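**Q** First the structure, which I've put down as structure tokens, then a few questions once you've had a look.
Each reported figure results from applying straightforward, stated rules to the coordinates on display, with no laboratory input. In this text, all values refer to a predicted model and were calculated from it rather than measured experimentally. Don't worry about glycine lacking a Cβ; one is built from the backbone with ideal geometry, like all the others, and counts go over all protein chains shown.
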């Protein structure tokens, strides 16, 4: 027997102009995936940029101005990207086992993922406050395989104590967010006011990016 | 707002508030649980909107997620 999250398709959104007006290829360019060879501009290095994108000659020419290296910004290629943050803290897990904010969050995330992936978009996700450790990261990718991986991740989500807030989750994923420039969906409860344990809590220093 | 900055130039930031409504054990006995949940969420939602994010208020007891999303998107037509 297999258990899968409840996911409803969002075909009705195709009729909403605000959601579909940017679906044309020219408007939906992202900077992830196979990079095109067309050079666009030089810009200062930002956290998350790959080291190989640093233009060492240009950096050397402007040596002394500041310490920030310059990177080659290439013409983007690919389609629009989306990123989903899921709050899985234990305050989401109230109510009946079948219907509660946690289950509703999973359903919403699945529906959004199905919509964006069916449009050919790149999708990544991060579930913070996951039980028993750091958040669950789904590295960005596209296609049906990505949807299956997201479904697997959603199936295995367990709520945990609120150790991480959204800001920390964003910091954790910032490398991907810089590169993808995605539409960001954050699914949480805004009516919860809690004191995060820890000014003593030390932010994570490891990074999912190479 | 950090999230806005991280999302780069083109991406919108949308925060989906999942209402707990009367399913919340603590609020189940109180009349008007969903209203109380919405009222509690209002200051945070206002702060997020001031920061440039869109807030989608979703009350699962009343409507499915798709309906809430379509309602939100139609507001931006």
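**Q** Using Cβ contacts closer than 10 Å as the measure, can you line up B:58, A:83, A:56 from fewest to most?
**A** If I rank by nearby Cβ atoms, fewest first, I get A:56, B:58, A:83.
**Q** Rank by packing, highest mean first: peptides A:134-143, B:11-20, A:118-127, with packing defined as the count of other Cβ atoms within 10 Å averaged across residues.
**A** B:11-20, A:118-127, A:134-143
**Q** Something else: Could I have the simple spin-label model distance between residue A:62 and residue A:74, label points 7 Å from Cα toward Cβ, reported in nm to one decimal?
**A** 2.1
**Q** Further question on the same structure: Suppose each label sits 7 Å from its Cα in the direction of the beta carbon; what would the residue A:52-residue B:12 distance come out to in nanometres?
**A** Output for this residue pair reads 3.5 nm.
**Q** Over the whole of A:104-112, what's the average partner chain Cβ count within 10 Å per residue? Rounded to a whole number, please.
**A** 5
**Q** From the Cα gyration tensor of segment A:79-187, with a ≥ b ≥ c the square roots of its eigenvalues, which class applies: rounded if a/c is under 1.5, or else prolate if a/b is larger than b/c, or else oblate?
**A** It is oblate, given that a/c is not under 1.5 and a/b is not larger than b/c.
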